[in-house]
């Protein structure tokens, strides 16, 4: 039998088996969670639901309950769940060519790089490196910063990030991340990273000097409760870094690709950064990340053999990203994001118990008048809404960019009751702890990047 005949024979057998074989059994949520605890590493604690399918902005759990997804996989599912065009492109590409390694390239990889350079308005000589996630994109940026090393007599060893920053959990990205609870178990981290107070232009300007290799900034700090940088901060950072010869690297993993109603949250700041990291919404739910380097000088810092990836930029991931960008661009989704985001923020402003609202587009954080945000998350799940609490009195919304006004209104109508339920529950006497290890719920879960 020839190799072609063997291949076709195997394909026919697999297809036949697929018609009678169920990949996963039909079980209740409780049954799945019991299996989860005995098979998966407990870094996420116990999941609060087992989700089995999705469509648009809706998902369903193993017990058949429907939820309005206002978190979008933490700002990932830009076009919602099971978008027909994206899924068809992924299926078609996988049936054509799935993986080739970094010894080769593919048309989708090249086309996506060109598209990202166009959307980011990068100058001539700019380049793209593809990764599989946000933290990998940040790791590449960290190495880029290390390459801006200065001279033997004047080495650049300092890298500056902000208090409240979250850049990922791998070692380089973790060094940039500010939260001590994430950092302490893995010390010593890569050295030379200094954190300066959030939003303090004078503190940043004082810290940037001739020993600084790079400054890493998030235009909006998602994990800190959706905190936008003050007006003028990015421009001041650009001036300080340019004067000192340091790189300005913007982490737009959460804020980029239309999340704020713009391709980049930083695009109207009047600056050109040296590099930008992207991920999350870029693949519409399919894992892909990117580092965009601006201009020939920065792009020349990483040369052949100095960085790499096995899966990054594979044909399927880059096809998924191209499909996502195509829909966002051709269906004018960014204008929709701005409109629905404004509608949500206006609605939140009229709800008793909401004290402050922050964010742009469909990345929204709002503060409450009591430390009941985790209880709101729990009450929301019971009522069929998925939201997140990055802090004890802060709720974050990062829904699919296709969220409708009607769906937003469903949440706004339900929120007063969710707040009341959370406050009532907070007043109840604490239950005696069960004799089992404590777990981390969705209330406190953070981005894995």
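In table form, for the structure just shown:
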{"quantity": "Scope region 272-319; condition in a loop (DSSP other than H, G, I, E, B) and surrounded by fewer than 18 Cβ atoms within 10 Å (Cβ to Cβ); matching residues", "calculated": "272, 300, 303, 304, 305, 306, 307, 308, 309, 310, 311"}
{"quantity": "Residues located in region 218-245, provided they are touching a helix residue (DSSP H, G or I) at 6+ places or on another chain (Cβ under 8 Å) and not in a helix (DSSP H, G or I)", "calculated": "219, 222, 230, 232"}
{"quantity": "Unmet criterion (only one of (1) in a strand (DSSP E or B); (2) free of Cβ contacts under 8 Å to residues at least 40 places away in the same chain; (3) buried (at least 24 other Cβ atoms within 10 Å of the Cβ)) for residue 194", "calculated": "(3)"}
{"quantity": "Test result for residue 215, more than 16 Å from the chain's Cα centre (by Cα), surrounded by fewer than 18 Cβ atoms within 10 Å (Cβ to Cβ), modelled with pLDDT of 95 or more and in a strand (DSSP E or B)", "calculated": "no"}
{"quantity": "Test: residue in region 367-386 that is in contact with a strand residue (DSSP E or B) (Cβ under 6 Å, 6 or more places away or on another chain) and more than 28 Å from residue 218 (Cβ to Cβ)", "calculated": "yes"}
{"quantity": "Residues (within 23 Å of the chain's Cα centre (by Cα) and either part of a loop (DSSP other than H, G, I, E, B) or buried (at least 20 other Cβ atoms within 10 Å of the Cβ) (or both)) located in region 346-377", "calculated": "359, 360, 361, 362, 363, 364, 365, 366, 373, 374, 376, 377"}
{"quantity": "Qualifying residues in region 59-90 (those that are touching a helix residue (DSSP H, G or I) at 6+ places or on another chain (Cβ under 9 Å) and part of a strand (DSSP E or B)) - the one surrounded by the fewest Cβ atoms within 10 Å (Cβ to Cβ)", "calculated": "61"}
{"quantity": "Per-region count, region 401-418, residues farther than 19 Å from residue 65 by Cβ and touching a helix residue (DSSP H, G or I) at 6+ places or on another chain (Cβ under 6 Å)", "calculated": "5"}
{"quantity": "Among residues of region 406-427, those that are buried (at least 22 other Cβ atoms within 10 Å of the Cβ) and farther than 21 Å from residue 257 by Cβ, counted", "calculated": "5"}
{"quantity": "Among (1) surrounded by fewer than 18 Cβ atoms within 10 Å (Cβ to Cβ); (2) farther than 23 Å from residue 292 by Cβ; (3) more than 20 Å from the chain's Cα centre (by Cα); (4) in contact (Cβ under 8 Å) with a residue 40 or more places away in the chain - the single one residue 49 does not satisfy", "calculated": "(1)"}
{"quantity": "Qualifying residue in region 166-177 (condition: surrounded by 20 or more Cβ atoms within 10 Å (Cβ to Cβ), in a loop (DSSP other than H, G, I, E, B) and free of Cβ contacts under 8 Å to residues at least 24 places away in the same chain)", "calculated": "yes"}
{"quantity": "Members of region 38-50 found to be under 19 Å from residue 381 (Cβ atoms) and either assigned to a helix (DSSP H, G or I) or touching a helix residue (DSSP H, G or I) at 6+ places or on another chain (Cβ under 7 Å) (or both), listed by number", "calculated": "44, 46, 47, 48, 49, 50"}
{"quantity": "Residue tally, condition crowded, with 24+ Cβ neighbours inside 10 Å and touching a residue at least 60 places away in the same chain (Cβ under 8 Å), over region 389-405", "calculated": "7"}
{"quantity": "Sole exception among (1) closer than 19 Å to residue 195 by Cα; (2) touching a helix residue (DSSP H, G or I) at 6+ places or on another chain (Cβ under 9 Å); (3) assigned to a loop (DSSP other than H, G, I, E, B) for residue 255, by number", "calculated": "(1)"}
{"quantity": "Hey, residue 261 surrounded by 24 or more Cβ atoms within 10 Å (Cβ to Cβ) and not in a strand (DSSP E or B) or not", "calculated": "no"}
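The values are calculated or read from the model by the stated rules, or taken from the named source; none is laboratory data. The structure presented is a predicted model; accordingly, all values stated were derived computationally and were not measured. With ideal geometry, Cβ positions are generated from the backbone for all residues, glycine too; neighbour counts draw on all protein chains shown.
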